[in-house]
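This report concerns only the one structure given below.
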Amino acid sequence: MKAISVLGSTGSIGTQTLEIIEEFPQEFKVVALTAGRNLPLLVKQIQQHSPEVVALADESLLPELENQLNALPLEERPEQPPQLTGGADGLNTAASWDHADLVVTGIVGCAGLLPTLAAIRSGKDLALANKETLIAAGPVVLPELKKSGSRLLPADSEHSAIFQCLQGTPWAETARLSTGVPTPGLRSIHLTASGGAFRDWSTEELKTATVSDAISHPNWSMGRKITVDSATLMNKGLEVIEAHYLFGLDYDHIEIVIHPQSIIHSMIELTDSSVLAQLGWPDMKLPILYCMSWPNRLQTPWRRLNLTEIGKLSFRSPDTEKYPCMELAYAAGRSGGTMPAVLNAANEEAVAQFLEEKIHFIDIPKTIEIACEKHKNELKIDPSLDDILTIDSWARNFVKEQVKKNASYINKS
Ligand code: NAD
Ligand code: MG
């Protein structure tokens, strides 16, 4: 029985992780949960899973959580009341909970960084969904992994596909460690992308894209931030940096290919030119389950892939003019050091401003580009955690200021 800590349990990744745990009660149990603000759902999860500890990001909501739990009829309360905690320390407590074997990181954004580091420092294995943490703080996270021996298992579907393909090579052991060292025998990675909400829109039409247009993804059902990232293709750009840190390939050997059906989740090319791919329906449960069951495979009743039903798999090059975020991410990744942290923080803030309808969709890449440009002279190649946190908050404030000033580039679009 594997004991699981779920960070961000009320989100898309978190709820899917809990569904898996409910499907396999002999294999997995919940020991820790953390959430943001969705108390009604969190209370249900506590009733269902009886975790040992529950942490709320916003400490001020703790009394309300306690009230809601106490208001439950006796027979509906969890057998053992969980330890309730909150704030940054509370999240770290849940992330490094002694009884946990695996921590699923489903917090969105760089808010996941400190809890993820707490999990790593306590030697836990991680199912990494919270890619922003690795992108912003790769130079800090990788040495910590090495030091503690904790293993980073990729839950992002593309990186899971790469990881799964690597299991079929003689270098599975190196790939398993995922500490950013080049995986021997691996020549290149082909990251597949669905193309997002606007794949059939023209560049001209993008100027009128609204929030509701951007948050409807054709193939995947996910949280709002990552759905907007998919629409700008920044998600794929972030995944290029994620792949660089996970598998140690340089940026010239990580390619993006648009694959509208989202059936091939990514491919690897080996030195002998053989290409391996992992296929499946677009459903995050499979990559999450693989992190949880690895190195084993569980038997599921899930819908099986039917190639003749799909009929056709197609591929095309990404349009970098229509979607500037990909090139911004490659450039930030190549600069290295603190630049990916600026890219990530500027993106998080720009997406938040877009979701609040303060900037247009096409302002997102422009805003990020200006922030990265501004940071060029301040770049630190070998940053400390403090450097990353300072720069993350600088980039967020920079974007907020730009929007407040209603800078001309925002309206000229
Ligand atoms: P989501 O918005 O649905 O859920 C986010 C979770 O984090 C919620 O439980 C929320 O309460 C919590 N949270 C939000 N802000 C927080 C904060 N400041 N401190 C602590 N907790 C906070 O997001 P999601 O779609 O589940 O994505 C989670 C992560 O997984 C992201 O990094 C995303 O890029 C990655 N990911 C998601 C998917 C997917 O299918 N949803 C796929 C691949 C990767
Ligand atoms: Mg992905």
### Task
Kindly list the number of the only condition in (1) away from ligand 1 (no atom under 16 Å from the Cβ); (2) at pLDDT 95 or above that fails for Ala172.
(2)
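Output yes when any residue across segment 4-24 is aromatic (Phe, Trp, Tyr), under 26 Å from Leu126 (Cβ atoms) and not in a loop (DSSP other than H, G, I, E, B), and no when none is.
Start the filter on segment 4-24 by keeping residues that are aromatic (Phe, Trp, Tyr), which leaves 24.
The next check asks that each one be under 26 Å from Leu126 (Cβ atoms); those that pass are 24.
If we keep only those that are not in a loop (DSSP other than H, G, I, E, B) too, we end up with none.
No - not one qualifying residue is present in segment 4-24.
Just the residues that are touching a residue at least 60 places away in the same chain (Cβ under 8 Å), assigned to a loop (DSSP other than H, G, I, E, B) and in contact with a helix residue (DSSP H, G or I) (Cβ under 6 Å, 6 or more places away or on another chain), please, taken from segment 274-304.
Going residue by residue through segment 274-304, those that are touching a residue at least 60 places away in the same chain (Cβ under 8 Å) are 275-278, 282, 284-295, 298, 300.
This time we only want the ones that are assigned to a loop (DSSP other than H, G, I, E, B), so: 282, 284, 294-295, 298, 300.
Matches in segment 274-304: Met284 only.
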### Query
Can you name the number of the only condition in (1) away from ligand 2 (no atom under 11 Å from the Cβ); (2) in contact (Cβ under 8 Å) with a residue 40 or more places away in the chain; (3) under 26 Å from Pro184 (Cα atoms) that Asp252 fails?
(2)
### Message
Restricting to segment 309-326, name every residue that is over 24 Å from the mean Cα position of the chain (by Cα) and not hydrophobic (A, V, I, L, M, F, W, C).
### Response
Glu309, Gly311, Lys312, Ser314, Arg316, Glu321
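Between Thr105, Thr17, which is within 9 Å of ligand 1 (Cβ to nearest atom), of a type outside the set (Asp, Glu) and on the phi < 0 side of the Ramachandran plot?
Values: Thr17 fails: within 9 Å of ligand 1 (Cβ to nearest atom).
Unique residue meeting the criteria: Thr105.
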### Task
Among the residues of segment 211-262, write down those that are surrounded by fewer than 17 Cβ atoms within 10 Å (Cβ to Cβ), within 17 Å of the chain's Cα centre (by Cα) and in a helix (DSSP H, G or I).
Arg224
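Yes/no per residue for (1) aliphatic (A, V, I, L, M); (2) more than 23 Å from Pro51 (Cβ to Cβ); (3) surrounded by fewer than 21 Cβ atoms within 10 Å (Cβ to Cβ); (4) within 16 Å of ligand 2 (Cβ to nearest atom):
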{"residue": "Ala95", "(1), (2), (3), (4)": "yes, no, no, no"}
{"residue": "Asp98", "(1), (2), (3), (4)": "no, no, yes, no"}
{"residue": "Glu132", "(1), (2), (3), (4)": "no, yes, no, yes"}
{"residue": "Ile135", "(1), (2), (3), (4)": "yes, yes, no, yes"}
{"residue": "Lys146", "(1), (2), (3), (4)": "no, yes, yes, no"}
{"residue": "Asp156", "(1), (2), (3), (4)": "no, yes, no, yes"}
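The values are calculated or read from the model by the stated rules, or taken from the named source; none is laboratory data. Since the model is a prediction, treat every value here as computed from it, not as a measurement. Cβ: placed from backbone, ideal geometry, glycine included. Neighbour counts: every protein chain shown.
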